[in-house]
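Visitor: Below is a structure I'd like to ask you about.
The values are calculated or read from the model by the stated rules, or taken from the named source; none is laboratory data. As the structure is a prediction and not an experimental result, all values here were calculated from the model. We place every Cβ from the backbone using ideal geometry, glycine too, and count neighbours over all the protein chains shown.
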Amino acid sequence: MKKHIPNFITCLNLFSGCIGIVYAFKGDLIIAGYAILVAAVFDFFDGMLARLLKAYSDIGKELDSLADMVSFGVLPSVIVYQLFLQSPQVGNISPFLNLSAFLIAVFSALRLAKFNIDVRQSENFIGLPTPANAILIASLPMILAQDNWFLTAYILNPFFLFIFSLGMSILLVTEIPLISLKFKSLNFNDNLFRYILVVSAIILVLIFKFAAVPIIIFIYILLSLIQFKLR
């Protein structure tokens, strides 16, 4: 039975993503964003339980990628698409701009397929992980709910959303080495940059709430580049 426990958690990840898509198409982007966060929690625990229970399997690996494709690929694309619809429409250009949101789903699929066959990513990532990208997108409607007119003007700008969709899609498949948050031990020296990231994230969230997420992603990329440059 224990070998099926991680797969059950993975299915909860997928289920959360499906629920999020329903709410995203209804226009309730806050619940859709929370669905991504819940899916990310399940995604973290299915891998952790697989390691603890030594319940690795080929089906578990494939199921995890399929669940991630829905929760961290399709759902974020739908959220960005709905943000496009809420932004000012720019004549005949907008239908094409709006559909660019689904580049995120396409490049997430490429990222996940690449991850499954890339032996270099057993300990660290190459390219932005789909959960990190999805959490960043989940933060956008929550930032809007904080009613910050300055950030709202950017987030609901169709050209910003187009550049954002294209930029994040490229980051998913770019050959940039990034830190994995898999702690193999609690040794401080071995996990220095992980600890810096976690502590920074906690402090920033306490101060800026959801507006901290884009800053955290930037710090994550910066710390990764510093760590691998030093090595």
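Visitor: Just checking: which of the helices (runs of 4 or more DSSP H) contained wholly in the stretch 116-231 hold 1 or more residues that are under 30 Å from ASN92 (Cα atoms)? Walk me through it before giving the result.
Guide: Values: elements: 130-145, 149-155, 158-173, 192-208, 212-230.
Result: 130-145, 149-155, 158-173.
Visitor: Exactly one condition in (1) among the aromatic types (Phe, Trp, Tyr); (2) under 16 Å from the mean Cα position of the chain (by Cα); (3) not in a helix (DSSP H, G or I) is false for TYR56; which is it?
Guide: Tallying (1) among the aromatic types (Phe, Trp, Tyr); (2) under 16 Å from the mean Cα position of the chain (by Cα); (3) not in a helix (DSSP H, G or I), TYR56 fails exactly one: (2).
Visitor: Given (1) at pLDDT below 85; (2) surrounded by 15 or more Cβ atoms within 10 Å (Cβ to Cβ); (3) within 19 Å of the chain's Cα centre (by Cα), identify the lone condition not met by TYR34.
Guide: (1)
Visitor: Quick test for you: out of PHE42, PHE72, pick the one residue that is in contact with a helix residue (DSSP H, G or I) (Cβ under 8 Å, 6 or more places away or on another chain), assigned to a helix (DSSP H, G or I) and either without any contact (Cβ under 8 Å) to a residue 24 or more places away in the chain or under 17 Å from VAL213 (Cβ atoms) (or both). Show your work before the answer.
Guide: On the way: PHE42 fails: either without any contact (Cβ under 8 Å) to a residue 24 or more places away in the chain or under 17 Å from VAL213 (Cβ atoms) (or both).
Checking each option against the conditions leaves just PHE72.
Visitor: Out of curiosity, is ALA113 within 30 Å of ASP46 (Cβ to Cβ), of a type outside the set (Asp, Glu) and in contact with a helix residue (DSSP H, G or I) (Cβ under 7 Å, 6 or more places away or on another chain)? If you could, list the steps in order and put the result at the bottom.
Guide: Values: within 30 Å of ASP46 (Cβ to Cβ): yes; of a type outside the set (Asp, Glu): yes; in contact with a helix residue (DSSP H, G or I) (Cβ under 7 Å, 6 or more places away or on another chain): no.
The answer is no for ALA113.
Visitor: From the list PHE208, PHE162, PHE228, PHE193, which one is under 27 Å from SER108 (Cβ atoms), of a type outside the set (Ser, Thr, Tyr), surrounded by 13 or more Cβ atoms within 10 Å (Cβ to Cβ) and modelled with pLDDT of 95 or more? Before the answer, list the steps.
Guide: Details: PHE208 fails: modelled with pLDDT of 95 or more; PHE228 fails: modelled with pLDDT of 95 or more; PHE193 fails: modelled with pLDDT of 95 or more.
Matching residue, one of PHE208, PHE162, PHE228, PHE193: PHE162.
Visitor: Could I ask something else about it? Suppose we filter SER65, SER100 for residues that are in a helix (DSSP H, G or I), among the polar types (S, T, N, Q), closer than 26 Å to LYS2 by Cα and in contact with a helix residue (DSSP H, G or I) (Cβ under 7 Å, 6 or more places away or on another chain); which single one remains?
Guide: Numbers: SER100 fails: closer than 26 Å to LYS2 by Cα.
Testing whether each residue is in a helix (DSSP H, G or I), among the polar types (S, T, N, Q), closer than 26 Å to LYS2 by Cα and in contact with a helix residue (DSSP H, G or I) (Cβ under 7 Å, 6 or more places away or on another chain) leaves just SER65.
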